[in-house]
Amino acid sequence: MARVAIVTGGTRGIGEAISLALKDAGVTVAANYAGNDEKAAAFTERTGIKAYKWDVGDFDACAEGVKKVEADLGPVDIVVNNAGITRDGTILKMSREMWEDVIRINLGGCFNMAHAVFPGMRTRKWGRIVNIGSINGQAGQYGQVNYAAAKSGIHGFTKALSQEGARFGVTVNAIAPGYIDTDMVSAVPADVLEKIVAKIPVGRLGQAHEIARGVAFLCSEDAGFVTGSTLSINGGQHMY
């Protein structure tokens, strides 16, 4: 029987690439999304991957979402915590709401999803949790104290949870992408984007499928001895 995976934020950008890479690896994938029903329906029609709507920042919604996926597809063996938002601004312009929204979704979502699936993984003695961090959680970024704090927290969360899962066959790892050619990055003004690319040693933005390949490996049977690690995929921009 195929492994079952949930990819949060799994219908667009990096999340879509991850969903497709896992499907190609023979995994049965459920792609979570938060808001755009039309785009989620188009994703399912295009890929054949079923989409499930819930807010990863809501603890109870995550528990119910996992139950729904398991009722439809079977026990969840793999979770990729990819869902994330930005609410950028310097600290003098950042409201408490902007801070809390990013922490709730980006970091809180990792806790909520891991909490929902960890007992079953531990009982079955097999599981893969991959958390999507960021180069900006490693190096920091002007105007992103909320985002950088949440992503940095993901790296610490990963190391700590990996110690709880290790003897039960549950691995917990993170990937820290650099600047990837997604809609979020494409929205950056051209002059700013040019300066960003100039700082990337390989001389280009990354591609979503390059992140997805790393995720697919960490979710595989072959990655059973890899846990508590952060894989940086950033074109050499930051070495950590």
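The values are calculated or read from the model by the stated rules, or taken from the named source; none is laboratory data. Because the structure is a prediction, the values reported are computed rather than measured. All Cβ positions, even for glycine, are placed from backbone atoms using ideal geometry, and neighbour counts span all protein chains on display.
Contact list please: Cβ distance under 9 Å, first residue in segment 100-117 and under 21 Å from K67 (Cβ atoms), second residue aromatic (F, W, Y) and assigned to a helix (DSSP H, G or I), pairs at least six apart or on different chains.
Listed pairs, sorted by first residue: G108/F59; C110/F157; F111/F59; F111/F157; N112/F59; A114/F157; H115/F59; A116/F59.
Modelled with pLDDT of 95 or more, under 15 Å from G10 (Cβ atoms) and not charged (D, E, K, R): which single residue out of G120, G26, G35, G109 fits that description?
G109
Show the residue pairs meeting these rules: Cβ distance below 8 Å; 6+ apart or different chains; first residue within segment 148-166 and in contact (Cβ under 8 Å) with a residue 60 or more places away in the chain and farther than 17 Å from M98 by Cα; second residue basic (K, R) and assigned to a helix (DSSP H, G or I).
As it stands, the answer is G165/R122, since those pairs meet every condition given.
Restricting attention to segment 24-69, which residues are of a type in the set (D, E, K, R) and closer than 19 Å to V130 by Cβ?
Passing the criteria: only D24.
For the list (1) crowded, with 24+ Cβ neighbours inside 10 Å; (2) closer than 18 Å to T230 by Cα; (3) within 14 Å of the chain's Cα centre (by Cα), I need the number of the one condition that G127 fails.
Every condition holds for G127 apart from (3).
Tell me yes or no: at least one residue of segment 183-191 is surrounded by 16 or more Cβ atoms within 10 Å (Cβ to Cβ) and either in a strand (DSSP E or B) or in contact (Cβ under 8 Å) with a residue 60 or more places away in the chain (or both).
no
Condition (residue is free of Cβ contacts under 8 Å to residues at least 24 places away in the same chain and β-branched (V, I, T)) applied to segment 51-61: is it met by at least one residue?
no
Here is a yes/no grid of residues against (1) touching a strand residue (DSSP E or B) at 6+ places or on another chain (Cβ under 8 Å); (2) of a type in the set (D, E); (3) more than 18 Å from I233 (Cα to Cα):
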position: A190; (1), (2), (3): no, no, yes
position: V197; (1), (2), (3): no, no, no
position: P201; (1), (2), (3): no, no, no
position: G206; (1), (2), (3): yes, no, no
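Hey, could you check segment 59-73 for residues that are under 30 Å from A223 (Cβ atoms) and charged (D, E, K, R) and say which is surrounded by the most Cβ atoms within 10 Å (Cβ to Cβ)?
Looking at the filtered set, the residue picked out is E70.
Restricting attention to segment 78-101, which residues are under 19 Å from the mean Cα position of the chain (by Cα) and at pLDDT 95 or above?
Residues satisfying the conditions are I78, V79, V80, N81, N82, A83, E100, D101.
Considering only residues that are under 17 Å from the mean Cα position of the chain (by Cα) and over 18 Å from A212 (Cα atoms), which ones fall in segment 17-39?
Result: A34, G35.
Need the failing condition index for A17 against (1) hydrophobic (A, V, I, L, M, F, W, C); (2) touching a helix residue (DSSP H, G or I) at 6+ places or on another chain (Cβ under 9 Å); (3) not in a helix (DSSP H, G or I), just the number.
(3)
Looking only at segment 74-85, how many residues end up being buried (at least 17 other Cβ atoms within 10 Å of the Cβ) and over 10 Å from V117 (Cα atoms)?
Counting residues in segment 74-85 that are buried (at least 17 other Cβ atoms within 10 Å of the Cβ) and over 10 Å from V117 (Cα atoms) gives 6.
Given the conditions (1) buried (at least 23 other Cβ atoms within 10 Å of the Cβ); (2) part of a helix (DSSP H, G or I); (3) of a type outside the set (S, T, Y); (4) at pLDDT 95 or above, report the number of the one that H115 does not fulfil.
Result: H115 passes all but (1).
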